[in-house]
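Student: Got a structure for you, written out below as structure tokens; questions coming shortly.
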Amino acid sequence: MAPETIYQLINIGVVPAWAMLAFAPRWQVTRALVHSGVYPLAFGALYIFFLASALLFGARSPDAGFSSLAGVMALFDHPNGVLTGWTHYLVFDLFVGAWIGRDAARRGVSHWLVVPCLFFSFMFGPVGLLLYVTLRLVSGKGGLSLYETDQMKLTGKADR
């Protein structure tokens, strides 16, 4: 399959997860597919496929590496490197978006105030997270901490 086609498919493939987070956050299907990790894990498997193609089958630029800026830039000189990197972004942005949705529900943050944070997480990753943490701070629904619950903050242990 052509890299451009794969790129289009992975972009289209992630949109339903973001739509569920934005428009059906409490729907059982959203919980089953997005909050359970099915989506991030499926895209993670795709990421591993691209990574293995680069490492084991030479689908990479010969100058690619992590020890210099030039080496990292060369990672993206090959279509497989771009697909690997793009999939990485999609997986982690979706993971953060799902966490934002769950955290907002736990803290009682209005979902409609969270939707712009989800949009920015989808489009610009860390901007959405920063916007959400700012929303929590301004609304009094949590500070700068990324602890899951207040109990964890107090004890250092997760609630059971």
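The values are calculated or read from the model by the stated rules, or taken from the named source; none is laboratory data. The shown structure was predicted, so the numbers you read here are calculated from the model rather than taken from an experiment. With ideal geometry, Cβ positions are generated from the backbone for all residues, glycine too; neighbour counts draw on all protein chains shown. Side chains are part of the model used for accessible areas, which takes the heavy atoms of the whole protein and leaves out ligands, DNA and RNA. Shrake-Rupley method; radii C 1.70, N 1.55, O 1.52, S 1.80 Å.
Student: Does ASP77 fit the bill of being open to solvent by 30 Å² or more (accessible area, probe 1.4 Å) and in contact with a Ser or Thr (Cβ under 6 Å, 6 or more places away or on another chain)?
Tutor: yes
Student: Can you tell me which residue is nearest to MET20 (Cα to Cα) among those in the range 54-74 that are in a helix (DSSP H, G or I) and open to solvent by less than 20 Å² (accessible area, probe 1.4 Å)?
Tutor: Per the stated criteria, the residue is ALA54.
Student: I need the full set of residues from the range 1-44 which are of a type in the set (Gly, Ala, Ser) and either within 17 Å of ASP93 (Cβ to Cβ) or in contact with a Gly (Cβ under 7 Å, 6 or more places away or on another chain) (or both), in order please.
Tutor: Once the filter is applied, which keeps residues that are of a type in the set (Gly, Ala, Ser) and either within 17 Å of ASP93 (Cβ to Cβ) or in contact with a Gly (Cβ under 7 Å, 6 or more places away or on another chain) (or both), the range 1-44 yields GLY13, ALA17, ALA19, ALA22, GLY37, ALA42, GLY44.
Student: Moving on to the next point. Suppose the filter is without any contact (Cβ under 8 Å) to a residue 40 or more places away in the chain, under 16 Å from the mean Cα position of the chain (by Cα) and either surrounded by 11 or more Cβ atoms within 10 Å (Cβ to Cβ) or outside any loop (DSSP other than H, G, I, E, B) (or both); does LEU41 pass it?
Tutor: So LEU41 fits the description; yes.
Student: Pairs needed: first member in the range 103-122, of a type in the set (S, T, N, Q); second member anywhere, open to solvent by less than 30 Å² (accessible area, probe 1.4 Å) and modelled with pLDDT of 95 or more; C-beta distance under 7 Å; at least 6 residues apart or different chains.
Tutor: Note: pairs meeting the criteria are SER121/GLY97; SER121/ILE100; SER121/GLY128.
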